[in-house]
1. Considering only residues of the range B:612-631 that are under 15 Å from B:Ser585 (Cα atoms) and either open to solvent by less than 10 Å² (accessible area, probe 1.4 Å) or outside any strand (DSSP E or B) (or both), which is nearest to the other protein chains (Cβ to nearest Cβ)?
2. B:Gly548 passes all but one of (1) surrounded by fewer than 19 Cβ atoms within 10 Å (Cβ to Cβ); (2) on the phi > 0 side of the Ramachandran plot; (3) not aromatic (Phe, Trp, Tyr); which number fails?
3. Failed condition for A:Leu146, given (1) over 16 Å from the mean Cα position of the chain (by Cα); (2) within 9 Å of chain B (Cβ to nearest Cβ), with all others met?
4. Can you name every residue in the range B:48-71 that is among the β-branched types (Val, Ile, Thr) and at the interface with chain A (Cβ under 8 Å from one of its Cβ atoms)?
5. Return the residue satisfying two criteria in turn: it lies in the range B:228-247 and is within 14 Å of another protein chain (Cβ to nearest Cβ) and among the hydrophobic types (A, V, I, L, M, F, W, C), and of such residues it is farthest from A:Leu142 (Cα to Cα).
6. Just to verify a result, which residue in the range A:149-158, among those that are more than 8 Å from every other protein chain (Cβ to nearest Cβ) and not hydrophobic (A, V, I, L, M, F, W, C), is surrounded by the fewest Cβ atoms within 10 Å (Cβ to Cβ)?
7. Among the residues of the range B:551-569, write down those that are part of a strand (DSSP E or B) and open to solvent by 40 Å² or more (accessible area, probe 1.4 Å).
8. For the condition open to solvent by 50 Å² or more (accessible area, probe 1.4 Å) and either closer than 23 Å to A:Ala119 by Cβ or of a type in the set (A, V, I, L, M) (or both), what is the one hit in B:Leu283, B:Leu235, B:Leu248, B:Leu253?
Amino acid sequence: MNRQKLVLCVLVTLLTSPAWAQLTRYQQAMTRHIAVIDTAVRKSTYVALFNSFERIHRVETSEWAPVYYMAYCAAELAKLERDPARIDAAADRAEAILNTADSLHATPAEVLCIRSMLAFTRINVDFMERGPKYMQLGNQYLKQALAKDPENPRATLMLAQSSLFTPEQFGGDKKLGHKLLKRANQLYDLPVADPLTPRWGKADAAQLLAKFEKELAAN
Amino acid sequence: MNTQQLRHVYVPWSWLWVVLTVSGPLTATQAQVRISGEVTYNGISPVAAANVTIEGTYDGGTTDKKGKFSFVAAELGTYTLRIEAPGFVHRQQPLVLADTLPVRLRLELNEKLMTLAEIMVRPRVFANADRNLASNLKPLDVLTTATDGSIATTLKSMPGAQQIGESADLFVRGGTGSETRTFMDGLLIRSYNQSGVSGVATRSRYPTQLFKGTVFSTGGYSAQYGQALSSVLLLETQDIPVQSNAELTLSPLMGGATIQQILPSKTAVVGGGLNYTNLNWVLNWMPNQSLQLSPAPESVDGNLYYRQKLPRQGMLKAFVNWGASKTGIYQNNLDYVNTLNRVRVDNRNLYGNLSYRQSIGRGWKLQAGSAWNQNADETTVQVTQDNQPRSVYTGQQHTQIGQARAVLSKSVLNYSTLHIGSEWFYTREQTQDSGRVQSYVDVYRSAFAEMDWYVNEQVSVRVGGRYEQSTLTNRQALAPRLSLGYTFANNGLLSFSYGTFYQQPDREFLFQQHDLDMARARHTILSYQRMDAFRSFRVELYHKSYTGLIRTRPDTTATGTGYARGFELFWRDKKTLKDIDYWISYSFLDTERQFMAYPMRVQPGFAARHTASVVAKRFFSKITTNVGLTYSVASGRPYYNPTRPDDRFMQDRTPVYHNLGLSVAYLPKIKIKQAYSVVVLTVSNVLGNGQIYGYRYGTLDTSRREAIRPVANPFVFLGMFLNFGIDRRQDTINAQL
């Protein structure tokens, strides 16, 4: 199924589901944009999403969710930045927005996940030079996130990715990574009540687990 | 209950939802308006990623690459439309939606936005603040380049610095080693290197890992620094690390341990380290020793630090370093037969500093610091003839330096920063040789003001001045500094710098005489540099004129003069060759001076006309090994040959200097006690070239001479570094699984 169809599918399911009508106008607007997140890959999509969340934030200034998702989009944009000289500026911007989300009481564990994303992103400025520090920092944020919410699937997934992709000399651990990845997939299946609660990462978790286990079987 | 109500009850729920969801959009459609159009810069070029918003609503759109947008407004009414895009000043305009007919808009942004963050990304002349500068070294550069892990050795592969193997000092652009001063967080470190005997390079007292960044300015630097005629080396210490850790160093020639612990508040760290170095054992094994060291260099160095984050981007750092060392050398006494001089230096050093920075309100930032340094050297020269002790000379030197410094900075006008500050130094020097005591106290004060000014997108200016005053010599000086920069569209930076730099005479002259002028150097520099994340290119042309250098013949006066001029090239590239980071530097130096006992103006003994280095390193990920090669070459340096007539003074040249250094760092997969380890092997002068730095001649019998050579050729270092993270949170993660 291509991505556009998927978005359409998600939207149709959403719009025709009984829950939809019970949502406030704010929640409806948010949910519509949140649904696009999981399928976004290109910079332009994240820019458009960022702008949409910003519009909502300008009206609903005391809500945490629009700012949280702005920070998420900004973090994704920093990750997609190809010019190393601009990565820090992009990450700084995301971090500033994230601090606003934090002050509006976004879920602490989720805020920490994005902080971790940004730390890992900053490694791309200079892998050799920054690797040791920012890898540690990124992992530390994830551990803090799990200390606050042991069932956070995103923190679990990112920690799994970090364990799998970091060379063993620098603290990587394939076995731990595999375990964490399996657990992340279980956690993503747990039901979530609030429609604005972050959900991103589920498809990535499933994909990565399938790929990893295929490689494992091949060896 | 009537039928109407009944019918409602029997309507299945699902149908109700369908009606509701369908009717929702249907009712909205009645007022929906499609708004589309494009956003341009002045009606010409399309603006992508612009955000078009109806203020006070959720409605709006984002432009695509062609500047086009389209969205649906939910309700009719009178609104304000807001158009904003990165790099532009946003605009607002009224929007009336009277009916549901589609609206097409041509929107224009007319003004580009110059934010400080954006213009600061571009290269500018504010060398000290600019992290993008080519002469900025990171700890990893040092650890993978230098064969001895020292910052100074790495800097010798950069343009401007000479290959002076017999000294650990940096000799920059025709200047002596004492014309380069080292600063740690803005505070002077006078004895950065360990004391040693003349002709043998020593090691730095301060471990490279203490510093997160190094800026090496080879001239034309900021008015915030003074008392350095040629160059400043600015070291910035680390902040709060990510996690607590401990490190062990094991090597046949040294052992060390460091530990740092983050305090529970997470905003402070306390740490320290201890290092013991002894070359004795290794020198017994090393072939081709050209010097007879006894005792072989042996030292103990320790440090303690505390760093605390403060509110409002504040930081407080306290640091103490102490050390003791001894080293000696046997040299042939060239005046007498079968006679040896044994020179031995014992040293004790204590250095402590306190630095603080914080925003103090109303846009002002304060940076303040103070330091205390105490250094004691004891030199013994023992003359033995036919293994019989003949005479002994002992001399002692004590130095005490106290310093304080404060700098206030504030953003003023449009995009400019003003720095004003002051420094105060108390220096007490005492020398004692064979019972004769000489001493002096100097109080040196300075005040400076400087402005960093982003004139516009292309032009940047740094202009400042520095006033200096010494109570001992009763001299005052005013040193103007100026840098102009023009940044091209390709991010190339053309800059011109001019400045006057003063420096007090070295202590050995001040003991004899207080009434001496400060030496003065004038720098004029034209440079072009261009860099991105992977490549940097720099070419520099300079002229430097000296006055007030110390002459010792016929009397001690500050009447020496000199000049240095030349050009330098630097090219670094991390991209073209896959996985290889390499750089090439070349320095041409034309310099002459008349100072010390020189009877005329000549090229001094520490200046080579041509110096070039090639550095290449590669990380082999499969075998997790980093290999670095450094090749340096320098043309022969002049040396004094007393057998020549006076008009041939300093006309002899040493052989061309070659040095190929190898550095291999291997990261084993096996963890020892949960520690990450690195095994390092470095070899300096792999090819074993016979390097000669100069000659010593007999004072009475000038027909005898001895070459000044490195300690061993080649010199090999093998060591292992173990890093233990003292972070037990990993266990809690495992427990959760």
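The values are calculated or read from the model by the stated rules, or taken from the named source; none is laboratory data. Small disclaimer: the values here were computed from a predicted structure and weren't measured. Backbone-built Cβ (ideal geometry, glycine too); neighbour counts: all protein chains shown. Quick note on the areas: whole protein, heavy atoms, side chains included, nothing else; ligands and nucleic acids left out. Shrake-Rupley method; radii C 1.70, N 1.55, O 1.52, S 1.80 Å.
1. B:Val615
2. (1)
3. For A:Leu146, the failing item is (1).
4. B:Thr53, B:Thr57, B:Thr62
5. Among those that are within 14 Å of another protein chain (Cβ to nearest Cβ) and among the hydrophobic types (A, V, I, L, M, F, W, C), it is B:Ile240.
6. The qualifying residue surrounded by the fewest Cβ atoms within 10 Å (Cβ to Cβ) is A:Glu151.
7. Listed by number, the residues that qualify are B:Arg551, B:Thr557, B:Thr559, B:Thr561, B:Arg565, B:Phe567, B:Leu569.
8. B:Leu248
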